[in-house]
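Report on one structure; see the data block that follows.
Throughout, read-outs are computed from the coordinates displayed, never taken from laboratory work. Values in this document were obtained by computation on a predicted structure and should not be read as measured data. Note that each Cβ is placed from the backbone with ideal geometry, even for glycine, and that neighbours are counted across all protein chains shown.
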Amino acid sequence: MKGKPLTMLAVGEVILELPQGEYYLAQAAPVLKSGDVVIGQGEVAFTSRGVSTYVDMFPSPGCPPGNMGALATAGFNVITLAGNHIWDMGAPGIEDTIEGLRSYGIAAVGAGMNIDEARRPLILERDGTRFGFLNYNCVGTMGHWATQGKPGCAYVHVIAHYETNGGNLGGPPAIYTFADPRSLQAMVEDVQNLRPLCDILTVVFHKGISHTTDIAMYDHQVSYAAIDAGADLILGHHAQILKGVEQYKGKFIFHDIGRFVTATKGLTEKQVKEMRSLAAPNLSGSASLQQDPARNLTMIAKFVIENRKISRVGFLPCMINAERQAEVLKNDERGQRVFDFMDKATRSSGLNTHYEWKGDEILVRGDKT
């Protein structure tokens, strides 16, 4: 006898530094609470213990621990933690976040008090279907990484190589990015070990070039390696902008599902200006945060599971409003802006998917080539 279809929903970065975290999730909460498995990226630690270890360009102080309750109220039951800000409040931040989420009935993956904990998979069961999750950070400094003796996040070490054209010294270089073989192999082994223990295996990467829809070489490399090892689905975030969706060997790669809620006072006016300057349109003409509507567009990725397999892939278009809330849109003029942006981002990156409306949901289809 077939069971009822299950729904897995996923969003990108959630930062709840400001008080009354429920307010910032209120617009999306009714939809999120409809999911059987609901995933979000915990970009910043939840802690009141002030141990600042800022190692990135833009510091991220800890979010109030009580705001973890807002995640539970909104329907989240999985929070990924591997990212380039999880170590900003040091070991207390990681410990308080994992223990606090657990107290609210939310499972965490991707960070821990040592590398073994950070790489440990998460398995949830819903109506006999087992959902497995792994989570890795590919960006930021090594200071965020967990080791045998240090808390931090699971990671894939990405290396950049800049090659100049001998006839144009001083001009823009060709940029090659690729994963360090040892850390890539560790991720592959994690996926292979998890594969027989679950039905739906999702690997979540914190990755990508910020503020542009461009996709780096390593974005493909790490995603393909995870699928080759047995993953069913790849979810990406970090770039603070939506990116295209790719199909590889029948599996889907959401290269970036966008930032979702950024309720923070951590950025000074100077830093905001710096971020805007970084987001200037590049020479390739790809979309950037400076180009409206990209700045405020996001999504709730949606996956329907039947008979222990993903049977439908899509997303609900969303827009971040002036109150920093993520609003779920409909099949109207505003929703079409998200559709059009995703279509342009996908085609400009040469990816092999397309989109179509089904009611107020946007379905993702693999191109028939």
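Of note:
- Proxy reagent accessibility, fewest Cβ within 10 Å first, across Asp96, Asp232, Asp127: Asp127, Asp96, Asp232
- Arranged from fewest to most other beta-carbon atoms within 10 Å of their beta carbon, Met8, Met299 become Met8, Met299.
- Förster radius 35 Å - calculated FRET efficiency between Asn331 and Thr164, Cβ distance, rounded to 0.05: 0.15
- Distance violations [Cα-Cα > 28 Å] among Lys243/Lys330; Lys4/Lys243; Lys4/Lys251; Lys4/Lys358: Lys4/Lys243
- Here volume of the Cα convex hull per residue in Å³ was calculated from the structure, and among [x] 173; [y] 143; [z] 184 it sits at label [y].
- Here the stretch 27-49 is scanned for amide nitrogen atoms under 11 Å from the site 7 Å beyond the Cα of Asn321 along Cα-to-Cβ, giving 27-28.
- Over all projection directions, the Cα-based convex hull of the stretch 142-259 averages an area of 9.3 nm².
- Residue (of Ile215, Ile39, Ile115) at the positive-pole extreme of the stretch 6-366, dipole from beta-carbon charges: Ile215
- Once both labels are positioned 7 Å from their Cα atoms along Cα-to-Cβ, the gap between Lys358 and Glu125 label points is 2.9 nm.
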